[in-house]
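A.B. asks: Following this message is one structure expressed as structure tokens.
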Amino acid sequence: MDKKRVFSGIQPTGNVHLGNYLGAIRRWAAEQGDKTNYFCVVDLHSLTVPQDPATLRFETRSLAALLLACGIDPHVSTVFIQSHVTAHAEGCWLLNCVTPLGWLQRMTQFKDKSTRQESVLTGLLDYPVLMAGDIILYDADEVPVGEDQKQHVELARDIAQRFNALYETEFFVVPQPKIATVAARVMGLDDPTVKMSKSLADKRGHAIRLLDEPDEILYAFKRAVTDSGREIRFSNDPEKAGVNNLLGIYQAVTGQDSAAVEADFAAARGYGDLKVRVAEVVIELLRPIQARHGELMDDTAELDRILAHGAEQARAVSQPKVDEMKRIMGLVLPG
Ligand code: AMP
Ligand code: TRP
């Protein structure tokens, strides 16, 4: 049987945190063996809002190293940088010419981001078309993303279907969003009512970034907002959201069931003990990831070799797809 094809992307801006790891990256790594996978550092998407060039350059390689350090195996999955494969930008232009403007103006992320900025770049409006191309140029069946990206994957479906209808073909596979389960929703440590997020991760005590030092991790957990009680149990009570989040993190990291997690804390003396224990398991979880990331960043020759190989594999799939798209659309291919 043919393996399912998976495509997902992650932006090299902001701070990759424990929520990204537990909710997304760890799942990509765990399921990679059963699928044909393309994992892309989407640097072209980052350009849709202003960037400092040196920072973007650094973060792009650092994120690629982090994906590998988190267990994405370049022998099993294709890991690459979006701008290394020109088919993405080319495919975006061609898809622009079948996508009605109204579809893009309706996207909630665009409406949201554009009202928060003084000057809105054309690329920000076009962001979902670039993303649609990322996905459909690889004939991806599944797109594992967070809830916030579901609308964009649905747009990719619409664009694929529109192309197929316009040109009377079955050329594009219509992809499915695969949304992470609710259990993988990690909340902010400073405010357990909001999702841990990259945009808030610069605020000390909000997030655990995957590259944070042990001292910083301990600091953030010790300061985590809880409640005035002392009972350490899973609960849906909004008052207990802080403790619930800490137990959820502990459970996700240790892989135990909830009864075993609660049993671990039966003898704990209050929330102080809980916070330190959760910090310890997270520090141990991240230690080998950080070590591997450090090695890859020290020897960028290896990293560059892996990324060059990934780009080559990605090109082998997406460039013929773009060429065929051009032919279908009536462009003359070079002889
Ligand atoms: P983003 O941070 O929006 O670039 O998201 C990258 C991936 O991480 C997406 O697939 C999200 O589903 C996932 N993710 C982001 N924040 C969280 C969180 N707080 N808890 C669980 N998963 C998350
Ligand atoms: N827009 C996605 C995000 O911010 C990143 C992304 C770009 C992506 N291209 C993609 C995700 C293709 C899945 C598939 O999270």
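A.B. asks: Scanning segment 1-46 for residues that are of a type outside the set (D, E, K, R), more than 12 Å from ligand 2 (Cβ to nearest atom) and not in a helix (DSSP H, G or I), which turns out farthest from GLY248 (Cα to Cα)?
C.D. replies: Top of the filtered list is MET1.
A.B. asks: Still on this structure, please answer the following. For VAL120, indicate whether it is within 12 Å of ligand 2 (Cβ to nearest atom), open to solvent by less than 70 Å² (accessible area, probe 1.4 Å) and over 17 Å from the mean Cα position of the chain (by Cα).
C.D. replies: Against the criterion (within 12 Å of ligand 2 (Cβ to nearest atom), open to solvent by less than 70 Å² (accessible area, probe 1.4 Å) and over 17 Å from the mean Cα position of the chain (by Cα)), VAL120 does not qualify.
A.B. asks: What number goes with the only condition from (1) surrounded by 19 or more Cβ atoms within 10 Å (Cβ to Cβ); (2) touching a residue at least 40 places away in the same chain (Cβ under 8 Å) that PHE265 does not pass?
C.D. replies: Unmet for PHE265, out of (1) surrounded by 19 or more Cβ atoms within 10 Å (Cβ to Cβ); (2) touching a residue at least 40 places away in the same chain (Cβ under 8 Å): (2).
A.B. asks: Kindly establish whether PHE58 is among the aromatic types (Phe, Trp, Tyr) and part of a helix (DSSP H, G or I).
C.D. replies: Here the answer is yes, as PHE58 does meet what is asked.
A.B. asks: Can I ask one more? Go through segment 94-117 and give me each residue that's more than 16 Å from ligand 2 (Cβ to nearest atom) and either among the β-branched types (Val, Ile, Thr) or in contact with a Gly (Cβ under 7 Å, 6 or more places away or on another chain) (or both).
C.D. replies: Once the filter is applied, which keeps residues that are more than 16 Å from ligand 2 (Cβ to nearest atom) and either among the β-branched types (Val, Ile, Thr) or in contact with a Gly (Cβ under 7 Å, 6 or more places away or on another chain) (or both), segment 94-117 yields VAL98, THR115.
A.B. asks: Further, regarding this structure: Out of the residues in segment 195-250 that are within 16 Å of ligand 2 (Cβ to nearest atom) and assigned to a helix (DSSP H, G or I), which is nearest to TYR21 (Cα to Cα)?
C.D. replies: The extreme case among them is LYS198.
A.B. asks: Determine if segment 198-217 includes at least one residue that is within 14 Å of ligand 1 (Cβ to nearest atom), touching a Lys or Arg at 6+ places or on another chain (Cβ under 7 Å) and within 30 Å of ARG157 (Cβ to Cβ).
C.D. replies: Looking for residues that are within 14 Å of ligand 1 (Cβ to nearest atom), touching a Lys or Arg at 6+ places or on another chain (Cβ under 7 Å) and within 30 Å of ARG157 (Cβ to Cβ), one finds none in segment 198-217, hence no.
A.B. asks: Still on this structure, please answer the following. Which of the residues that make up segment 43-59 are open to solvent by less than 10 Å² (accessible area, probe 1.4 Å) and either without any contact (Cβ under 8 Å) to a residue 24 or more places away in the chain or under 23 Å from ASP212 (Cα atoms) (or both)?
C.D. replies: Answer for segment 43-59, where residues must be open to solvent by less than 10 Å² (accessible area, probe 1.4 Å) and either without any contact (Cβ under 8 Å) to a residue 24 or more places away in the chain or under 23 Å from ASP212 (Cα atoms) (or both): just SER46.
A.B. asks: May I pose another question? State all residues of segment 147-191 that are touching a residue at least 60 places away in the same chain (Cβ under 8 Å), open to solvent by 90 Å² or more (accessible area, probe 1.4 Å), more than 11 Å from ligand 1 (Cβ to nearest atom) and not hydrophobic (A, V, I, L, M, F, W, C); if no residue qualifies, say none.
C.D. replies: ARG162, the sole residue that qualifies.
The values are calculated or read from the model by the stated rules, or taken from the named source; none is laboratory data. The model shown is predicted, which means the values in this text are computed figures rather than measured ones. Heads up, the Cβs are rebuilt from the backbone with ideal geometry, glycines too, and the neighbour counts pull from every protein chain shown. Protein only, heavy atoms only, side chains kept; ligands, DNA and RNA dropped before computing areas. Shrake-Rupley method; radii C 1.70, N 1.55, O 1.52, S 1.80 Å.
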